[in-house]
Structures are given as structure tokens and as C-alpha cells.
Amino acid sequence: MKKHTMAILLSLLLALALLAGCGGSGSTTATPAPGTNNQTPATQAPVNTGRRATNEIAIGVAQDFDSLDPHHMTAAGTKEVLFNVYEGLVKPTADGRIVPAVASEVSASEDGLTYTLKLRAGVKFHDGSAVTMDDVVYSLNRRMSGEDAAAYLKALDIISEVTTEGDTLTLTLSEPSGEFLAYLMNVYVIPAANADPEGKPIGTGPYKVASRAAQDSLVLERFADYWGEGGKLDKVTFKILENAESLVLGLQSGALDLVSHMTSDQTTQLSAQSFRIEQGSMNLVQALYLNNARAPFDDVRVRQALCYATNKQGMIDLAFDGFGIPLGTSMFPSFGKYYDESLTDYYEYDPARARELLAEAGYPDGIDVTITVPSNYTPHVNTAQVLAEQYKAANIRATIQPVEWNTWLRDVYNGRDFQATITGLTSDNMTARKLLERFGSTIDNNFCNYSNPEYDEILAKAVSAIDDAEQTAYYRQLERILTETAANVYLQDMADLVAVRSGLKGLEFYPLYVLDVSTLEWE
Amino acid sequence: MKYTIRRIWMLVVTMLIVSFMTFLAFELVSGDPAQTMLGTEATPEQLAALRHELGLDQPFFARYFRWLGGFFTGDLGSSYIYRQGVWGLIAPKLSLTLLLALISFILITVISIPLGVWSYRFVGGPFDWLRTTFNQLCMAVPPFFVGILLCWIFGIILHLFTPGDFPALRSDPGGALRHLLFASICLCIPRIAMTVRMMRSTVIGEMEKAYVRTAISRGNDRRQVLTRHVLKNSLTSTVTFLGQTMAELVGGSIVVEQVFGIPGLGRFLVSSISNRDYPVVQAIVVLLAFWVVLAGTIADLINQRVDPRLRLGGGAK
């Protein structure tokens, strides 16, 4: 008996020894030189000297990319990353301007109907070939013609004529548009000769795609022949880790150097010595969007009651640890001149007033509301929970209905079959128009069914205005109408918390949902 | 021979049923791939055009039989999202998941069988309650939690592997195996606890049988009886149980792959379902079904070698 017990014990010991041995031999390659992290306690992530020495970084992202074809990509998380790979004739800057990119000069006629663009000399594609006017026209046509359904960009319908002469491109518009360049930004220039833009992504940006593994990683390499200043890091690896805990573990273990869109909860798990948390804003309008066509929200008093029943700052404090900028209308501070801050506190938190308004509207016993939320967006789900709790004081009984993203898209966003929902709306082309146009009564994506003749009238004036000051005034008017009529319960522009490994610098926040890696570098 | 034919037949039927059920499930569940691909700004015309391009506008049975035809001619179709062949996408992931399952299986077998027999010694003893509690605990803790704990202890503190950075199998096989080893420990713990419990109760049951009493009364050592007769007789149920375990391991790998950041089949299945990438889901589900039937078949074959009675029974049917 004893012998057997001994044998089992011995074999277990042997197994353990093997385990330890195998770990030990490997740790010399996996961890950095012992000298560098002798002082840091064992629980802290070591500075990954390996990647620093080879001038590369690894960035964690929460989802795979929906398409590497720039004309097909729709997910915000994809545009965020491929911003480094593709460029249009013009591109955005961190301070919100639109500057020439593949074009070197851009000029508009006085009536705003003709745009003349000059092709920049010496711009090369990632495969080494030069960008020609044919490539530009091909890219433009791919987004305009509708032959490729997924690439079609409706906003370009206003282009009535495309003519080229040498290296000059002339675009004639059927109506003037002050925001035309912003839409032109999305016409990423790709080579006409490339038959497979998805499998073999080729662009003109400062980084080129080196390799991709589905649901695993995307590797970008510095493009040496970039026409501009170009990137500083040689290699940037995007690691896909859909599990939030794994992203934090990845930072702690040294596998990752940068992760965006973290919750304040997650950032507190990181050591201050190894990481710096930078705060930007997500540039979106998070709101409780209401179906204005469906009772009880077809009554402005009920909508206003909801606004009075909402304690925005309280919600931000509770669900977001105080990170976030309260909003009062469909516009956020990054838009500078368009943003009307005075609207933020238009409805002071006042549950008693909310109950009065409900009674006036014929609901003395309060109302029942179903809030549909896309379940994959934890921040929106958390927001819904806090709001539901707040609304009790105003006799508003809220039920939260979490649905899958795909179902949300179909039923809520496209089907408009909902009562109330929480989401964040962005402007992916840096125009105020994108955020305000969607409330025009005839607009396709007016999923809130907001309908107001006065709004439509001013919107039409705003869109066709060429004078900037005039246009700005119109847009601010629109914002005020949305607030006064309580189109939706506007909540906040969510904070974007980015964990950056110490020693890595140059992170810039854009008024767009993009992560520019070309400015990043090791100190 | 008859048996082999019956098994193959069963395999084909199972896979047919499973593939049909998956197809049906997607038909009933809301959402469609065109919507996912085009996002919030899609116009109805764009959606219709893309649905046509993907063949989604065809009737349900037409789509199913087209897929089936492709499957039997070795064409798994191409992914909607990645726009490339499904097989090329899942092959590298399949090998990782199989490796993970294999390492786990070896760990389970090597650890739990001796442990199960050994734990028989404690039956009725003063420490039996402790063993039972520990066993229950191992079964109850969710792999998700254990995974994070293991990553933290072995990855962050001891630096034995780097969570979030799975090395490529080809360029760094040692690193990849080490990473997989920790993931399989996480995957194993509840299974080992279950197997130990199963082994223990089987041994207890066998030891109470008449032949054991006879053997002991004829003067044999208790331990000799245990190793010579009881173990052999407990083997069939153990093999059957391990066969089930083998089948379940692949399914269980989904959570573990997510926590450990292993680019395996389980993670890919989950993301493909939410993307409504039907061809990929279809292929993975059929592969999993194949795997389950295969594990059962192997367990049966082994049992027949061990216990000739089963062979006779099988032949007679």
C-alpha cells in the first residue's frame, strides 16, 4: 500500500517539476531582461522592452474588422483602425479641419457648385505603384454608381458631373453644399487594378496591411514611401480580444501597449507606474431616443416629462464614475461653434414637474415605458438601468429589454418598431449636418420619427447655405428646436478612456472616431 | 464490418440533422447578414442588392440544398464577412482547438483515473467530507473565473505565459503549447473532479459485488482484487465517460479561448453567430457534430476490445 502511495506522490512531483521546468525555460524568452524590472513588484506589468527595441506596439481591440475594403467597411471600430491605411482626396486632422491628402490643392467656386482638385504628385500605393487619375475616378465611381451595392454612398448623389484634365479633377454639383468636402473624405482612393480590395487591401495611408488573421489580429507596417510625414513606429499589431477582462489582462501581462474605450472600472485595475490613462471624448450623442410617432411619446408634454425626470449628472456619476460630458441636444463640444452649451440644463432635474406634465397629458397614474437596448453595449445597458431607477420618482415605470445588436438594427433602427432606446449617434464625417439632418421628417434614417415642419424648413436652409456664419446660426437654431420640443432625452458625450503604456507618447484625439497611430512613438 | 457501416451511417445522419437544425435556427432567429455588413446607413435598395448577391433572397430549401451540395463536393462556401473560403479560415483555428482538447484530455485521463482509485481509500474515513467538498468546489467554479485566476497567477505574477499574446504555433510551438497548457488546466479542473467522482462511485459499486466478496473470502488481498478485477470491470463505464468528455471539451473551449485569447474555433463560432456569417457557423457546427459522433465511436470501439460481451451484443443487433 505504502509503496503505491509513494509512487503516485512521486509521479505527481515529477509532473509538477516538468511543468515548472517547461515554464522556467520559456520565461527567459517571454519576459524582458531581468535588470529592467528588478525593482517593480511582481504584480506589475513589466515594460515590454522587446517591442520597444524593435519600435513596434500592440493595441487591443474588442472586435474583429467587418471589412478591409474601405468602401465596404461600416463598423465604427473598423473605420477607427483603417484610418491609418486609407486616405481620400482630402482627410481630417486632429483639430477638426479637412486638409488635402491624395489631392494637393482643393478649391471651390464662389457659388459652391464646382470643386477643382489637383492630384498630388508622387503619391504611391502600398504596392509601390503611383496613384493616377484613373484610380481616383475609379474610386469615386465605385462609391457613386451603385453597381457595388455595399460601396454606394448616397451623399455623393449631388455630384452631377466628373471631368478630368491631366492631373486636375473637376466635380460639378447639382446643388451647393457647404459640407461636400466632408463627404469626399470617405472616397478612399484605392487602385483600379486591384481585383480583390478585401483580401489584398491596398491604400495610400501611412501604414500598410502586412497580415491579417480572422478573429485574431491585424498587423500594420510603416509605409516607407508615404507622401507625407508618415508614421514613426515600424509595426503596429492590433490584437482582437473580445473579452473585456482579457484586454485588461493583456495590458497587465505586457501583451498590449494601448487599449481605447475602457471603462473607468477597468482603468483602476492598471498600475499607475506602467500605464497612463488619457481621457478624450467618444464624440457621440448618447440619448434615450424616443419613438415620436408612437403614444405616449407623440405628446410633447410626455417627452418633456421624461427630460425633467432625468438626472443626467447623477446617471454619469453612478454608471460612468463621473466621466462624461452632459448634453442637452444633438451636438457635442468637439464641434465648437455649432455646439450650444446653454441647452444642456434646459430641463433641470425635477420629478415633481415631470409628474405634473404627465398628469396634464392625461396620465395621472404615470406611464409604462419599454427601453430597448443593444445588449452588446454595456455602457448603454448600464445607463438604462440607472434611468429606470431614476424614473420611479416621476411615476414612470421603465422595463429594460436587451436585444442582440443585429435585432436592434433590424427592429429599432431600420424597423422603427420600438418605444424608447438608448444608443450613441456619431458623425463619421465631422459635419454637424450628420447629427441634425436625421431629424428631418423625410430623411431615411430618422428612426425617431421626429416630424416638425418648422425643423424641416430650417434644415433645408441650413443644408444649402454656403455662408459659414449663416449655416452655423441655422444649425444652432435646429439644436434649440430639438431641445425645446424634447425630441429625445439627450444624455451625454461619453468619455473615451485610453490606457497607454508609460513611455509611449503622441496620442491625439480626433473629433472623429479614429485612432491615429502615425503620431505614436516610444520616448 | 456491419458495425462500421452502421456507425458511418449514423455519422452521416447526425450531420445532416445538425446542419438542417442550424439552418433552421438561423431562419427563425432575427437579423440578417446583409444588415450586419451594411450597418446603420444602409438603404433598402443596398440591402436588397446584397441579399441577392449572397443568395439570401432564395427560398429556404433552395439555400439548404445548395449548401448541402457544396458540402458533399468539398466546398464549404465562403464567409460573408471575410469574403474568403470557409475552410481556409477555420483550418488553423481547428488545429488549435483540437490541440487544446487533446492536451486537456490527456491531463484528465492521467490525473483523474489514479486519483479516482486512490480516493476510494478514503471512503468512510475521517477526511472523506473534505475530499467531497473539494471535489464539489472544483466542479462548481465557473471556468471563466478559474481562467482569469490562472492568467493572473501564472501570467501576470509568475510570467510563465503572456495572457493576451498567443504565440503562433508555427514560429513558437513551445510558447504556444505552454499557453495552451494553462488554458487546458482551466478547462480540465471541473472535468477531472467529475471523472474522479465517477471513478470512485464505480469502484465502490464494483467492490460490493459478489465476485469481489468471493475473491476476498478465498484469501486474496483486497488491493490485488482491486487492481486485477475491479479496475478492469470499471473500465467500460470510464471509457464511455471519457468519450463524452472528449466531445464536451471542444464545446467547453469557447469560454476558455476567450479568456486566454486563443484564436480557436470556439471564439470564431461565437463571433460568426453574432455576425450572422452563416457559412462559417454551418461549417463549424457540422465539424463539432462530427467530433461528437467520432468521440462516441472511438469510446465504443475501445469498450468492445475491453469487454467481449459488448462485441457480441453489438453484432447481434
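Laboratory data are not the source of any read-out in this text; all were calculated from the coordinates shown. Please read all numbers here as calculations on a predicted model, not as lab measurements. As a convention, Cβ positions derive from the backbone with ideal geometry for all residues, glycine included, and neighbour counts pool all protein chains shown.
A compact table of results
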| read-out | value |
| --- | --- |
| Options B:92, B:47, A:188, ranked by Cα towards positive dipole end of the protein assembly as shown, top entry (Cβ charges) | B:92 |
| Kirkwood hydrodynamic radius of region A:285-493, Cα pairs, Å | 17.2 |
| Per-residue mean of C-beta atoms belonging to partner chains within 10 Å, peptide B:176-189 | 1 |
| For region B:235-314 and region A:352-417, distance of Cα centres in Å | 43 |
| Theoretical gain in end-to-end length, residue A:110 to residue A:276 [0.36 nm per residue, Cα-Cα removed] | 55.0 nm |
| Relative pair counts by distance (%), Cα atoms of region B:90-309, 10 Å bins | 8, 28, 30, 21, 10, 3, 0 |
| By average C-beta atoms within 10 angstrom, highest first, the peptides A:87-99, A:63-75 | A:63-75, A:87-99 |
| Shape call, region A:261-376: gyration tensor on alpha carbons, a/c limit 1.5 | prolate |
| GluC sites (Glu not before Pro) within region B:185-281: DSSP coil, no more than 11 neighbouring Cβ in 10 Å | B:208 |
| Only Lys, Arg (+1) and Asp, Glu (-1) charged, at Cβ; chain B dipole about Cα centre in debye | 1860 |
| Considering only chain A, percent of DSSP beta bridges that pair antiparallel, nearest 5 | 75 |
| The protein assembly as shown: calculated mean residue ellipticity at 222 nm from DSSP helix runs of at least 4, using -39500 (n - 2.57) | -15000 deg cm²/dmol |
| Calculated Rg and Dmax of region B:2-73 using C-alpha coordinates, Å | 16.6, 58 |
| Rg(Cα)/(2.2 N^0.38 Å) for region B:80-198, N = residue count | 1.32 |
| For chain A, alpha-carbon Rg over 2.2 N^0.38 Å | 1.11 |
| Residue-span extension gain [residue B:28 to residue B:302] - 0.36 nm each, minus C-alpha spacing | 94.6 nm |
| Partner chain coverage, peptide A:150-162 - average Cβ within 10 angstrom | 2 |
| Relative contact order %, chain A, counting alpha carbon pairs below 8 Å whose residues are six or more apart | 19 |
| Ranked B:133, A:329, criterion: other C-beta atoms within 10 Å, fewest first | B:133, A:329 |
| Surrounding net charge for residue A:266, when Lys and Arg each add one and Asp and Glu each subtract one, Cβ distance under 12 Å | -3 |
| Proximal lysines relative to residue A:91, as straight alpha-carbon distance under 20 Å, when same-chain residues fewer than 8 apart are discounted | A:79, A:118, A:124, A:154, A:208, A:232, A:434 |
| Taking region A:344-420 and dividing mean pair separation by its residue count, relative contact order in percent (alpha carbons under 8 Å, at least six apart) | 33 |
| Spacing of the two label points (7 Å from each Cα toward its C-beta) at residue A:54 and residue A:157, in nm | 5.0 |
| Shielding score for B:44-50, defined as the mean number of other chain Cβ atoms within 10 Å | 4 |
| Under 11 Å, Cβ to Cβ, from residue A:174 - net charge with Lys/Arg +1 and Asp/Glu -1 | -3 |
| A:342, B:272, A:107 arranged by Cβ crowding within 10 Å, fewest neighbours leading | A:107, A:342, B:272 |
| Label point distance in nm, residue A:392-residue A:321, each placed 7 Å from Cα along Cα→Cβ | 2.6 |
| Prolate/oblate/rounded label for region A:101-208 (Cα gyration tensor, a/c 1.5) | oblate |
| Relative contact order for chain B, counting Cα pairs under 8 Å that sit 6 or more residues apart, in percent | 28 |
| Neighbourhood net charge (13 Å Cβ-Cβ; Lys/Arg +1, Asp/Glu -1) for residue B:268 | -3 |
| Sequence-distant residues sharing a close amide H with residue A:400 (under 5 Å, placed H) | A:371 |
| Residue order, fewest to most beta carbons within 10 Å, for B:305, A:476 | B:305, A:476 |
